[in-house]
Structure formats: C-alpha cells, structure tokens
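Report on the following structure.
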Protein chains: 2
Amino acid sequence: MLEEPTDVVRRFNRTYTQRIGALDESFLGTGRPLGPSRLLFEIGESGATVRELRDRMGLDSGYLSRLLRGLEGDGLVEVRPDLTDARRRRVTLTRRGRTAWRRLDDRSEDLARTLVAPLSDRQRARLVDALATADLLVRAATVRLEDLPPTDARAVEAMAAYFAEIGRRFGFEPGDAWRVDAESMTAPDGFFVVATSDGEPVACGGVQRLPDGSAQIKRMWVHDGWRGAGLGARLLRHLEDRAREHGYAVVRLDTNDTLTEAIAMYERAGYRAIARYNDNPWARCWFEKDL
Amino acid sequence: MLEEPTDVVRRFNRTYTQRIGALDESFLGTGRPLGPSRLLFEIGESGATVRELRDRMGLDSGYLSRLLRGLEGDGLVEVRPDLTDARRRRVTLTRRGRTAWRRLDDRSEDLARTLVAPLSDRQRARLVDALATADLLVRAATVRLEDLPPTDARAVEAMAAYFAEIGRRFGFEPGDAWRVDAESMTAPDGFFVVATSDGEPVACGGVQRLPDGSAQIKRMWVHDGWRGAGLGARLLRHLEDRAREHGYAVVRLDTNDTLTEAIAMYERAGYRAIARYNDNPWARCWFEKDL
DNA sequence: AGCATTCTCTGACCTTAGTCAGAGAACCTG
DNA sequence: CAGGTTCTCTGACTAAGGTCAGAGAATGCT
C-alpha cells in the first residue's frame, strides 16, 4: 500500500489540530479570552508598533485597537506615539504585562512538555528530529518567490547578505557592483527574484543579459538557516523558468570551485561545465544549460 | 548549540499554526461558517449518529443540535431515528450534502497539494516521512490510559482484539477466560487498563493477584497500527506503577517465545527470566521484576 | 502652504460559537 | 409497569470575534 503524500499531510493535519490545536487553546486561555492572550503574547517583551501587530496577526485595525484598549484597561500594556513618526504608536508591556506574558510563555512551555513527557528518550529524539525536519520543509514550501526591482528594500537586504557572505569567504568587495547590478537586472533584459518567509528575505538571485544573447544567473544566495531545504534548487528552477519566459534559450553562470555544494546542485540541475566565458576574477568554474 | 525538545515543539507549533492552520481555515470556510463545515465533513459519506458526533467533536448537545438543524435547513443532511435504538438519531448526507462534502474534501486535498507541490521529490519524501513519524508519536503521546472494569464496553473491545490476535497466531480459544479475567482483574486485588485514542481502544493490559501474593500482568495487547511508538513500554510502566500503588512488590508475567519483540521489551524494562511458575499451556517463557 | 496619504481610534453593528436548564420520547431494570 | 436513565431537542441567554464607515492627528509631496 503506497500512500499518497497528500494523504499523509492530511492525516497529520487532522491529528495535529485535534490533539495540539485544542490543547493550545485551552492552555492559552488563562482567564483572558484567546484574542487578548494571543495579542499580549505577540507584543512580546520588546514591544511592537500597532502597525506591525496588525500585519503579523492579520487583524482589522478597529478590532486590534479595541483589544489594545482592553489590555491597557487591565494595566498590562502602554501605548504611546512612536518617536520617529507620531502617527504610529508603540505598544510596550508594563511590569504587570511582563508578568502576564511570562505566565503565557510558561504555559506554552508546559504544553510542549506535556507532549514530549510521555515519550521515552528514544521516541522523544525521534519526534524532535521529525518536527525539526517538518518545520524546515513546511517553511521552505511556503516561501514566497517574488520579482522585485533590485532597488527594493528587501532586494537590497538580500543582496547585502550575499555580499557580506562572499566578503567573509573570499574578501570580495562590492564596489560599484550595486549600481551595475541594479541596471542589468531589470526589465526588459533582466530581473531579480527574492524569496521571503514572514517578510524576511531568505534567498535571492538575478538574471542579466550577456553580450552573446544568453542569460546569466548572478547573485544567487540562500540564507544559512535555510540550507538543505531544497530552496536553492527551487530558486534555480524558478530563475530558469522566468528566463525562458523572457525568451532566453541558454543560461550561464560562474562560481568558485570551493563552493562544492553549489556546484553539485548545478550539476544535478543539468548544468555542464564550459570554458571561461567572462573575466570575473573571483570565478573558477563556468557552467551552461539549454532551456 | 543543543536545542531543548520543547523549543523544537514550540517552534514547529508556531510555524504550523501560522502556515497551515490559517490556510486550513480559509480553505474550509467556503460560504458556510467553520462550525457547520467541520460538522458536515465529520458526518462523512457513511453518516454517523448524533452521539458519535458529539463525542468526536466535543460539542455541547444543544449546540450540535442547532448546527444539525441548520444543515437540515440547507437540505444537506437528513436526521432520522436509529433503527436499533430510537433514542439515538442517525445523520446521513443527502445528494446535495454529498456534493458539498466532496467539495470540502477537494479543498482539503488542494491544501495538502499546495504544501507539497513546491518541494522536489526528495524533499517531498523527507516531509512525508517526517510527518508520518510525527503523526505516530504525537498520537502516542496523547493516548489516554484509563482504569476500566473488564466488563466496560471499551475493555471488552480491547480484550476481544487481543483474543482474536492470539487466536490467529496460536489458535488460542478464550473459553471461560472472559469470566475468569473479569473476576480476577477487578478491585481490590486486580485492575484493567485500556489505552484509548479518539475513544478507540489501542492497547490494554491487566493485573491480577497470584497465590503467592505477587502481581501478574496479563492480556497485554497493542493495536497493529500502533507498534513502534513506544506505547507498549509506556503501558507496561503504567501497569507497574499501578501495581506498586496496590501494594505489590513483585510482578510476573508469562509469554510465548515467538513474540520476540515483546520479550525484548520486557528485558529492556528490567524483567529477568525465571522458571515456570504456572501451568499456562500457551506460555513458554516466564519473567519477573521487583517493583 | 495646501492636499493627499497614512495611521489609529471610536461607535454602531453583526455573526459565530457556545452555555444552561429543562422537556419529552425511548429504553432498561427489577 | 413504575422509576430511573439515556438521548436529543428547544428556548433563552451570553461572550467572543469581527466588520465597516468615518473622524482626527501626523506626515509626505509638490
């Protein structure tokens, strides 16, 4: 009996919502109804602006405002104008609020303990391993790939992370790469893609036109914590698809021979090594693939 | 950096509720509010009694009744007295109800597909594996161990499953074992424990008093689909704890030498082989442990 | 400076989800 | 067949969660 992936996902979904979702609610509902509790927990020990809370929790602004008045009335939070922009308001926990927050945190910890406590050490290790894997893959599967101009804040953040990393590894200095990339990786001949999770960039990559009319993939980067989730391969596939849509028939890229994992990935994806096609001083390997 | 099990559980919890829980609700909420949708889905293509629904979903009887009137009003279900007991009522889907049910099922399938679609084959296989493991272990961790009189319906069901299994394997015939067990495995000298998951018995075991004043564990059984989740070891520990509470200092048990996994479990739990202490014709090994 | 936009808040309103007490029919037990 | 129990239902009620329109202050843009 071979089980379909979707069957497994659905079965787990069911088990999970019934066993943990239900527990979760009963644990969080401590005197206060669920809404205010969740909000209090989300505000967290370092505080947040109303705007952020609205985005993160997806609440109506009127509803959120009312919830905040409630917490304020209980003396758990303080709301005051943001210093840099007085339209926004910052929410912070009071002393009592921090106590309440810690109680919620304890409950959440208790819930987790309730779940692992009945298991033997071996079973517990297996569960932890399975959940960590599932966590990574679920997050990877729900990453959003988005075309962004290289000048967009998230694109800049991603590219900065990329430059920082190759700076650390090879002493690379971006110089005027910022400006050059911004020009070459925009329409009509190029584009830039950022993968975001919870609004944070976790991977990126761009395509630009080479003089001979083929496409070149550049600035490909995957966040440290996201290695091993197939995100690189997925991004690569996405870039190829987008390049094909742009009318390219051949895609090339260069890389450094110390990046063995990246090279393995390119080879798995059907790239073959070719002779040097550019004068990039940092590159040691050159690859090509027909789209 | 060694991560605590509870941290992993909590992180996964967060990822899951944010990414899938939210999706789940938006997928199910198709015109109808969530409550009626869930109920419709739970009734299923084969129908159910009102009682079953109440137990499975943990709803107030008044509330459930009202939800059913709503579905009835939309022409999705029919409610009629149960044939064997006219106090109960059976709910079945109408033609339209089946259509609506199938739409819900499709949505749920779509959701699962959305989740696995972006992954590569290898990643998908890893996710399926991780979720299947997590499913088994989460279910195992949330099993309920309950003292029940051997005559209770669930106890009888569990013991019947046990007899059926050893009947298949060894040709064992219960005979008057039912009556004998029911007497010996009740207070004050004995007891019977049933592990239930969603109200279904998934494991059982009993303790009775031996002539020499030690305790004997009998009728230990774990459901096929639950092997490998550490449930047997947990049940064994539970039986020992309860026996200790009853004042026993020594516990014994017999088994058949073909049940190698059971024997391995007993040895891991600290049991040592002893000489034959009873005249059970089916037994080939005898074990003992000091409490 | 004037105008559009952003951000938060309030008031009015609605749906969903759920609780509780008690009634009435069917069943079980002695 | 009397009395207690089980099962479902109705009516009355409440809390929780959420939507919508518009007001008012602060800011950005030209």
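The values are calculated or read from the model by the stated rules, or taken from the named source; none is laboratory data. Everything quoted here is computed from the prediction, not taken from an experiment. Neighbour counts run over all protein chains shown; Cβ positions are idealised from the backbone, glycine included. What goes into the accessible areas is simple: the full protein's heavy atoms, side chains included, and nothing from ligands, DNA or RNA. Shrake-Rupley method; radii C 1.70, N 1.55, O 1.52, S 1.80 Å.
Annotation for B:ASP55 and B:THR114: the two label points, set 7 Å from Cα along the Cα-Cβ direction, are 3.4 nm apart. Convex hull volume of the C-alpha atoms in the protein assembly as shown, normalised per residue: 237 Å³. The Rg/Rh ratio for region B:5-118 is 1.06, where Rg is the radius of gyration of the alpha carbons and Rh is the Kirkwood radius.
Listed by chain and number, the aspartates and glutamates whose alpha-carbon sits under 17 Å from that of A:LYS289, ignoring those within fewer than 8 places in the same chain, are A:ASP212, A:GLU240, A:ASP241, A:GLU245, A:ASP254, A:GLU267. Which of A:ARG242, A:ARG154, A:ARG87 ends up with the largest GNM mean-square fluctuation for chain A, with Cα atoms connected below 10 Å? The residue with the greatest mean-square fluctuation here is A:ARG87.
Of the trypsin sites (Lys or Arg not before Pro) found in region B:94-124, not one falls in a DSSP loop while having at most 16 other beta-carbon atoms within 10 Å. The mean number of Cβ atoms from other chains found within 10 Å of a Cβ in peptide A:18-28 is 3, as a whole number.
Between B:GLU173 and B:GLU245, take the C-beta separation as r, use R0 = 35 Å, and let me know the FRET efficiency to the nearest 0.05. The formula returns an efficiency of 0.55 here.
Projected label points at B:ARG276 and B:ASP106, each 7 Å from Cα along the beta carbon direction, are separated by 6.6 nanometres. Each copy carries B:VAL180; placing its label point 7 Å along the C-beta direction from Cα gives inter-copy distances of 9.0 nm, listed from smallest up. In this assembly of identical copies, the label point of A:GLU245 (Cα plus 7 Å along Cα-to-Cβ) is separated from its counterparts by 6.3 nm, sorted shortest first. Based on Cα contacts under 8 Å between residues 6+ apart, region B:144-290 shows a relative contact order of 19 percent. In this structure B:ASP129 has an accessible area near 100 Å², from a 1.4 Å probe over the protein heavy atoms.
Efficiency by 1/(1 + (r/R0)^6): what FRET value for B:ARG122 and A:ARG11, r their Cβ-Cβ distance, R0 = 35 Å, to the nearest 0.05? Each step should come with its number before you reach the end.
On the way: r = 21 Å, r/R0 = 0.61.
Efficiency computed from Cβ-Cβ geometry: 0.95.
Across the identical copies, the 7 Å label point of B:GLU25, projected outward along Cα→Cβ, sits 0.9 nm from its counterparts, in ascending order.
Our Cα-only numbers for chain B put the radius of gyration and Dmax at 23.8, 69 Å.
In percent, rounded to a whole number, the relative contact order of chain A is 11, using alpha-carbon pairs under 8 Å and six or more apart. Its Kirkwood hydrodynamic radius, worked out from the mean inverse distance over all distinct Cα pairs, puts region B:107-256 at 17.3 Å.
Mean-square fluctuations from a GNM of chain A, with a 10 angstrom spring cutoff on Cα atoms, peak among A:ARG19, A:ARG38, A:ARG179 at A:ARG19.
Principal-axis analysis of the Cα atoms of chain B puts helix B:153-170 at an angle of about 60° to the longest axis.
How far apart, in nm, are the 7 Å Cα→Cβ label points at A:LEU259 and A:ALA187? Label-label distance for A:LEU259 and A:ALA187, simple model: 2.8 nm.
Compute the FRET efficiency between A:ASP224 and A:ARG98 as 1/(1 + (r/R0)^6), taking r as their Cβ-Cβ distance and R0 = 30 Å, and round to the nearest 0.05. Before the final figure, lay out each step's value.
Working: r = 32 Å, r/R0 = 1.05.
The value I calculate is 0.40.
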